[in-house]
Amino acid sequence: MQTASYREQRSRVETYFDRTAVQAWTRLTSDAPVGRIRATVRAGRDRMRSTLLDWLPADLCGARVLDAGCGTGAFAVDAARRGAHVVAVDLSPTLVTLARERSPADLGAGRVEFLVGDMYEAAAFGPFDYVVAMDSLIHYRLEDAVRVLGAFAGSCAGSIAFTFAPRTNALAAMHAIGRLFPRGDRAPAIEPVKPATLHAALGREPALARWAPGRTTHVASGFYQSQALELVGG
């Protein structure tokens, strides 16, 4: 069940990515020149996307993949090129429109279905063999993020890969710097969490009772600090 805190933060996230930061994200996720700080974020996101792709089979023909929080669609397109049927969902109609425009006409055996919607409810489009949520849970309270993962688990047969913001001194320093920017320019708050605290919360979620942690990777690239964790169904 969605909590009030989840709905409130979802509204902030939607407003930011659909209105406030559209131009910035359009540029960041393209090949256009960007400043030094954003270049580190772009490089970090590219590394993280490659990591999550590497965790999936090289041949995804016949597989169904959920890209939860697809943004401008880079991961969805890469997975489709491996033969997957990808359901790519994002809150922002503007970013989904951009993702559709950028998606190649020929994806071989794969295809992408871009949808505007809430990742919490994306399980309704299942079942799925794999679920990937790259940098889409980082804005939510730990309890809400774990509930979303529980919702994914109900319609996933293989693995769930997601990212979280690890609580580190470097990340705390960057958040302090971020608070110096004008309020209208700030991204929705990121919710850092210690890995041990996250694992404990995952263990308390009934919907994840048959799921166990798998691979994990930390990507640090300047202002981009994110950690990937894989959950494997038993």
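Brief remarks on what is shown
- Verdict on Thr40 being in a loop (DSSP other than H, G, I, E, B), β-branched (Val, Ile, Thr) and either modelled with pLDDT of 95 or more or farther than 29 Å from Gly158 by Cβ (or both): no
- Tabulated pairs, region 124-147, first within 17 Å of Thr197 (Cβ to Cβ), second in a strand (DSSP E or B) and of a type outside the set (Ser, Thr, Tyr), C-beta under 7 angstrom, 6+ apart or interchain: Leu137/Phe162; Leu137/Phe164; Ile138/Phe164; Leu142/Val193
- Screening Val131, Val148 for residues that are assigned to a strand (DSSP E or B), at pLDDT 90 or above and within 17 Å of the chain's Cα centre (by Cα) leaves exactly one candidate, Val131.
- Within region 1-36, the residues that satisfy the criterion of being in a loop (DSSP other than H, G, I, E, B), in contact (Cβ under 8 Å) with a residue 40 or more places away in the chain and more than 19 Å from Ser92 (Cβ to Cβ) are Met1, Thr3.
- Summed over region 66-90, residues that are part of a helix (DSSP H, G or I) and over 19 Å from Asp106 (Cβ atoms) total 0.
- Some residue of region 115-131 being touching a helix residue (DSSP H, G or I) at 6+ places or on another chain (Cβ under 6 Å), crowded, with 24+ Cβ neighbours inside 10 Å and closer than 27 Å to Gln2 by Cα: yes
- Subset of region 1-25 (residues that are surrounded by fewer than 16 Cβ atoms within 10 Å (Cβ to Cβ) and at pLDDT 90 or above): Thr3, Ala4, Ser5, Arg7, Glu8, Ser11, Arg12, Thr15
- Remark: pairs (first residue in region 37-50, over 14 Å from Arg27 (Cα atoms); second residue part of a helix (DSSP H, G or I) and among the aromatic types (Phe, Trp, Tyr); Cβ separation under 8 Å; 6+ apart in sequence or on different chains) = Arg49/Phe75.
The values are calculated or read from the model by the stated rules, or taken from the named source; none is laboratory data. Not measured: the values here are computed from a predicted model. Neighbour counts run over all protein chains shown; Cβ positions are idealised from the backbone, glycine included.
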